[in-house]
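Report on the structure given below.
The values are calculated or read from the model by the stated rules, or taken from the named source; none is laboratory data. Here the structure is a predicted model, which is why all the values come from computation and not from measurement. Backbone-built Cβ (ideal geometry, glycine too); neighbour counts: all protein chains shown. SASA here: full protein model, heavy atoms, side chains in, ligands and nucleic acids out. Shrake-Rupley method; radii C 1.70, N 1.55, O 1.52, S 1.80 Å.
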Amino acid sequence: MYKYKLVKKINPQDKAAPKKWYAIPISEVPQTVKAMTRAATENTTTAPIEMEAALELLGRHARQQLQQGHIVRVGDLGTIRVSFKSDGVENITDFNAGAMIKNPRIIFTPSKEFRESVLQGIQFQNAGVLDEGISYASLSDYKKAKGVTSGGSDDSGGSSIGGGGTGEDGEDGEGGFS
């Protein structure tokens, strides 16, 4: 389950409109390389240390290729490339790359297959509410603290791409996931 919190924010396209509640992603702490390689190589003949070495080699190769202006394909995951912004000049002889190329960044573009396999069936779970600097552990805690009573369905906790949902605190409820 991918966790999110609800936060009241201004709509950036309409700053005059009243604030609305938006979901923001809550990312979990990344696994260590050792934990990831152990999990990824489970039930295979590949040793975790071999995968760690391969990742290290890929990282070194990718750095070198990106610095030379190449796009790096990472198996069926997608590609990595460098992008940047630039100031403009009217006269081409006035262009100074060192001063005018700005904000270089690394961009990962997932392959269509990888993107679809990740997003297909992803499920979302409410991990609370953040309001006026106070983090509430759940939607029901927020409602209780604010004296909010809900009319109608209280199934505001989560859902998956393609339908379904979970209870207000992200727990499976009637009509939710099984």
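Of all residues in the stretch 1-16, exactly one satisfies the criterion of being assigned to a strand (DSSP E or B) and modelled with pLDDT under 90, namely TYR2.
For the stretch 52-67, filtering for residues that are more than 24 Å from the chain's Cα centre (by Cα) and either at pLDDT below 95 or not polar (S, T, N, Q) (or both) leaves 5. Return yes when GLU52 is among the acidic types (Asp, Glu) and open to solvent by 50 Å² or more (accessible area, probe 1.4 Å) and no when it is not. So GLU52 fails the test.
Just one residue in the set LEU66, LEU77, LEU119 is under 30 Å from LYS8 (Cα atoms) and not acidic (Asp, Glu); that residue is LEU119.
Looking across PHE124, PHE114, PHE95, one residue alone is in contact (Cβ under 8 Å) with a residue 40 or more places away in the chain and either out of contact with any helix residue (DSSP H, G or I) (no Cβ under 9 Å at 6 or more places or on another chain) or open to solvent by 70 Å² or more (accessible area, probe 1.4 Å) (or both). It is PHE124.
Scanning the stretch 13-44 for residues that are over 26 Å from VAL118 (Cβ atoms) and either open to solvent by 70 Å² or more (accessible area, probe 1.4 Å) or touching a residue at least 24 places away in the same chain (Cβ under 8 Å) (or both) yields GLN13, ASP14, LYS15, ALA16, PRO18, LYS19, LYS20. Quick check on THR79: is it in contact (Cβ under 8 Å) with a residue 24 or more places away in the chain and of a type in the set (Ser, Thr, Tyr)? Here the answer is yes, as THR79 does meet what is asked.
A quick yes/no check of all residues on (1) open to solvent by 60 Å² or more (accessible area, probe 1.4 Å); (2) closer than 30 Å to ILE26 by Cβ; (3) modelled with pLDDT under 95:
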| site | (1), (2), (3) |
| --- | --- |
| GLY69 | yes, no, no |
| GLY78 | no, yes, no |
| ARG81 | yes, yes, no |
| SER86 | yes, no, no |
| LYS102 | yes, no, no |
| ILE106 | yes, yes, no |
| LYS143 | no, yes, yes |
